[in-house]
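> Here it is, the structure, as structure tokens.
Read-outs: derived from the displayed coordinates by stated rules, not from any lab. It should be emphasised that the depicted structure is a prediction, and the values quoted were computed from it without experimental measurement. Every residue, glycine among them, receives a Cβ derived from its backbone with ideal geometry; neighbour counts consider all protein chains shown.
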Amino acid sequence: MSDALSRSHEARKALFKRGLRQGFVTEAELEEAMPHDRFEPLEIATLVYSLQACGIEIRPGSGALANAG
């Protein structure tokens, strides 16, 4: 696995762990794990679907904004 793919895989794993722990992830965290300029829309949609299937909500904004609401 290439270094970039390995980092992306680790970022997605961390995103799932955080989402399972707190019940949500933010759009900013999703973008950080899977930047739109490096991944196909279908790949991002698959991740969003997987998160939602696990009961993880996708909230708009950054972590600080999402936590305040």
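> Given R₀ = 30 Å, FRET efficiency for Tyr49-Ser6 by Cβ-Cβ distance, to 0.05?
About 0.85, to the nearest 0.05.
> Pull up all non-local amide H partners of Glu57: gap of 5 or more, or a different chain, and H-to-H distance under 5 Å with H placed in the peptide plane.
Placed amide hydrogens put Phe24, Val25 under 5 Å from Glu57.
> Through the Karplus equation 6.51 cos²θ - 1.76 cosθ + 1.60, θ set to phi - 60°, convert the phi angles of region 30-45 into ³J(HN,Hα) values in whole Hz; use x for Gly and Pro.
Rounded to whole hertz, the list is 5, 5, 5, 6, 9, x, 4, 7, 10, 10, 6, x, 5, 5, 5, 4.
> A further question on this structure: Net charge near Lys13, counting Lys/Arg +1 and Asp/Glu -1 over other residues with Cβ under 15 Å of its Cβ?
+2
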